[in-house]
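Encoded as structure tokens, the structure appears first; notes follow it.
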Amino acid sequence: MKKLFLVLLSVLGTNLLQAQSNISGIIKDYTNNEAIEFVSIGVYSSNDSSLVGGNITDPEGKFEVGNIREGNYYLAVSFLGYKTQIVAGIFIKENEKRKLETIFLYPDFQNLQTVDIQGQRISTNFRAEKQSFSAESFESAIGGSATDILRNLPGVSINGEGQLTIRGNVGFVVMINGRPVQGDPMMIIGQLPANAVEKIEWISSPSAQYDSEGKAGIINITTVKGSTDGLYLEVNGRYGLPSIENYGNAASPKRYGTDFNLNFVKGKWDISLGAGYLRNDQAGLRDGNVITYRGDSSTHFPSIGERSINEINNSGRFTLGYNPDKKNSLNLGFYAGVRDRVRTADILYFDNHRQINGVRTEPFQYFNANDQSRRGDFILGSLDYSFKFDSQASITSSFLYEYTILGGPTINRNLGYPNLGLVYQDEYNTNNNPLNGVRWNLDYKFKPLPIGQLQAGYQFRFLNHVGDFLYERKNNETGNFELVPEFSSEVKLNRLIHSGFVQLDKSLKKWSYGAGVRMELMNRDFRLQDRTGTLDTLYEYDYIRPFFSGNISYQAREDLKWFMNLSQRVERETTFKMNPFPEREHSETLEQGDPNVLPEFINQIEGGLVKNWKDNNLYLTAYYTQINNLVNRVNTVFNDTILNRIYSNVGTGSSMGLEMGNELFISSKWKAYLGGNVYRFSIKGEFDDLPVNQSAWVYSFNLNTTVSILSTLSAQFTFNYLSSRVTAQGNDSRFYQPSLNIRKSLINERLTLNLLWQNMDMGLLKSNEQRITTFRPMEFFTTTNYIYEVDMLIINLRYTLNSSKNRSKFVKSEFGEKEF
């Protein structure tokens with residue numbers, strides 16, 4: 001990996017002293033004076049019409065094309081739905097920084113009519129450094145959350161536990177409107193309404209200017225925005241029809257909610273207000289079996305029962321923006337919310353028995369009533385400031401503070417069956433976890449230099465997390481709950497991170513490349529105490545290390561680009577995964593962490609191409625990822641009927657694969673999007689003095705196809721598929737979710753009605769179902785089939801006032817949501 005970085009730096013060094021000119025400008029719509037994003041800019045030589053450079057516009061309509069030598073040029077400016085604009089007669093001198101006057105594009109009414117008839121829009125934009133996806137094209141996500149959009153992206157898959165992975169990796173960092181946050185991605189995107197999302201970008205190999213955390217790179221979510229003064233309002237209502245199948249659960253699931261986004265822009269002021277309520281329950285069933293081995297005997301405890309989830313999300317957001325002039329920008333944001341999630345696992349253990357030398361003992365059965373509640377109350381605030389100098393340099397600063405209270409009890413009761421009045425064991429464990437988090441960063445972008453664009457910055461992060469874990473068991477004789485010391489503890493985590501970066505980017509004719517380094521100092525103190533006061537241990541861990549990044553790309557033709565990216569990253573574990581005191585999850589499962597767990601360090605190299613033709617586009621990426629200190633969930637035997645689930649380092653993981661994204665306009669009324677990923681995944685190492693050596697091919701694909709039946713009526717089918725895959729001690733089965741959405745627009749598209757058929761099954765498939773199997777020879781074997789609700793029908797109604805004027809941007813949680 002280091003040799004590749006040296007090669008990249010040497011290529012960069014040969015061109016640092018070559019002075020180059022550049023052309024910049026801004027593109028706007030002639031009819032409404034609004035900036036246009038994703039406009040294609042091509043710079044051609046006036047002598048032979050050869051392409052010498054190109055780029056696309058950013059969200060503000062701005063573009064810049066560098067590495068222009070002295071000479072005569074013309075620009076070709078094009079975008080779907082507009083007439084191509086030719087800007088001729090541009091003479092560039094050596095070392096000149098030419099800023100053009102605003103270029104206006106005129107709508108191509110003939111082209112616009114065609115687009116209106118087919119009812120389709122380009123939803124993807126593939127680039128060498130990132131992939132961008134328009135949220136509005138994924139109709140099945142309307143009324144849901146950002147998670148429902150993400151699951152359609154190439155390389156992204158979702159498993160039966162609702163966990164998103166990218167290229168098989170769980171860890172990724174989320175940014176909201178370019179602001180880095182460190183909260184649990186599933187929490188962050190799960191609380192953000194899909195209706196508030198304009199586009200999602202995935203940066204697979206971030207440069208040094210971005211935070212070094214995240215195994216699978218960075219997801220940047222951009223909220224819906226506009227560029228004109230006025231009032232914007234969007235109101236959304238969602239209602240789920242009664243369940244077709246509730247799997248004999250004690251209560252029927254409820255699904256309903258509402259959210260709104262309000263944005264007002266007037267002159268220098270920008271005010272955004274939003275709130276949401278979502279009740280999103282899900283019925284389910286769990287069917288499993290656990291076998292433990294001790295010498296010549298084996299203990300069997302098969303089980304079946306309810307595995308449902310009741311979830312309620314409440315949140316409120318407020319942002320105030322002030323832009324006194326073109327140089328200064330100030331934003332103040334607040335975000336608060338409450339999340340309640342109850343997982344019910346009422347399981348019947350119907351044939352518990354032991355086999356000794358082949359002889360079977362009499363069976364025993366009991367009923368386990370298990371409710372796990374998880375609650376998170378949080379409030380946070382942020383303050384962002386930026387200043388642009390006349391020299392084109394800029395400085396930005398951002399501060400975020402968060403206070404969060406996490407916690408919630410787990411009730412675990414073993415009862416007689418069929419006599420539920422007989423109590424064998426009644427246990428109760430709860431925890432209280434106040435958390436304080438601070439992040440401050442200062443970044444400086446230098447004025448353009450002959451050697452390229454230079455950026456530098458510093459970031460400070462501090463996390464304080466205190467946990468009080470209490471475990472009690474009821475004394476059946478006295479009726480009092482008594483402390484269980486071996487399961488009760490107090491923990492305190494302090495994590496301090498200082499980091500600084502330098503990033504240099506350069507463009508030269510058809511080449512562009514960059515290199516950077518982010519130096520990081522981390523100090524982690526984890527104090528562990530038991531409830532009896534006999535144990536008080538401090539676990540310390542720190543490091544100082546660089547994280548290198550680099551990229552190089554070649555524009556072979558206007559419609560074809562080749563690229564290669566390199567990056568090094570880190571994934572840090574949560575407080576929960578560091579607490580070694582077990583927590584009772586189920587009747588047969590304890591769960592604990594490892595106080596000595598090491599961060600995962602990631603090295604990645606990827607290369608591929610981006611190809612465009614007409615309205616269609618394609619990208620292919622080959623990649624290799626190596627994860628040192630890989631953390632996996634592994635099991636050991638606690639006793640004959642209980643397994644201990646541990647999060648610990650198990651060795652080195654590696655993935656080598658190929659990723660593809662392709663959007664095709666098959667006809668004027670039919671388009672399709674297909675994203676796929678296939679890779680070879682392997683784990684090599686050891687756990688508990690036994691070797692770990694697992695490998696397998698894994699693949700996933702996401703299909704999204706839309707048919708415009710009428711100009712105001714469309715149907716969209718999505719299919720998300722994840723193949724079986726290996727873990728450190730076993731394998732997980734395939735998992736898939738097909739869905740169908742019917743969309744009807746009314747009142748000039750201000751009112752939209754959606755009918756969503758989620759997790760289509762009809763009793764013919766095995767949708768939304770996954771089996772997880774783990775084993776260790778002559779110690780244990782466990783397999784569990786999780787069957788979640790299918791054939792869910794959801795109605796969504798959305799009303800939008802002045803849809804072109806929204807520019808809401810909300811602050812999101814950084815620390816507490818990751819621990820939820």
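The values are calculated or read from the model by the stated rules, or taken from the named source; none is laboratory data. Nothing here was measured: the structure is a model prediction, and the numbers come from that model. Cβ atoms come from the backbone with ideal geometry, glycine included; neighbour counts cover every protein chain shown.
Remarks
- In summary, strands (runs of 3 or more DSSP E) completely within segment 627-744 and bearing 3 or more residues that are farther than 29 Å from Asn617 by Cβ and of a type in the set (Gly, Ala, Ser) occur at 642-667.
- When Glu311 is tested against (1) outside the structural domain of Glu588 (by TED's automatic domain parsing); (2) over 26 Å from Arg743 (Cα atoms); (3) more than 27 Å from the chain's Cα centre (by Cα); (4) free of Cβ contacts under 8 Å to residues at least 60 places away in the same chain, exactly one condition is not met: (3).
- Residue in segment 172-190 that is at pLDDT 70 or above and part of a loop (DSSP other than H, G, I, E, B) present: yes
- Condition met for Leu609 (hydrophobic (A, V, I, L, M, F, W, C), in a strand (DSSP E or B) and closer than 30 Å to Gln365 by Cα): no
- Scanning segment 248-297 for residues that are crowded, with 17+ Cβ neighbours inside 10 Å and not in a strand (DSSP E or B) yields a total of 4.
- Candidate set: segment 413-459, residues that are more than 27 Å from the chain's Cα centre (by Cα) and of a type in the set (Val, Ile, Thr); chosen: the one modelled with the highest pLDDT: Val423
- When Leu233, Leu278 are checked against the criterion of being touching a Pro at 6+ places or on another chain (Cβ under 9 Å), hydrophobic (A, V, I, L, M, F, W, C) and modelled with pLDDT of 85 or more, a single residue qualifies: Leu278.
- Of residues in segment 54-90 being of a type in the set (D, E, K, R) and farther than 19 Å from Ser132 by Cβ, the one surrounded by the fewest Cβ atoms within 10 Å (Cβ to Cβ): Glu70
- Within segment 475-509, tally of residues that are touching a Lys or Arg at 6+ places or on another chain (Cβ under 9 Å) and in contact (Cβ under 8 Å) with a residue 24 or more places away in the chain: 22
- Annotation: Pro691 fulfils all but one of (1) closer than 28 Å to Lys215 by Cα; (2) in contact (Cβ under 8 Å) with a residue 24 or more places away in the chain; (3) assigned by TED's automatic domain parsing to the domain that holds Thr621; the unmet one is (2).
- Thr410 being within 28 Å of Asp340 (Cα to Cα) and among the β-branched types (Val, Ile, Thr): yes
- Only one entry of Leu797, Leu765, Leu793 meets the criterion of being more than 18 Å from Asn731 (Cα to Cα) and not in a strand (DSSP E or B), and that entry is Leu765.
- Scanning segment 653-671 for residues that are within 23 Å of Ile149 (Cα to Cα) and over 23 Å from the mean Cα position of the chain (by Cα) returns Leu664, Phe665, Ile666, Lys669, Trp670, Lys671.
- Residue in segment 611-621 that is at positive phi and assigned by TED's automatic domain parsing to the domain that holds Gly675 present: yes
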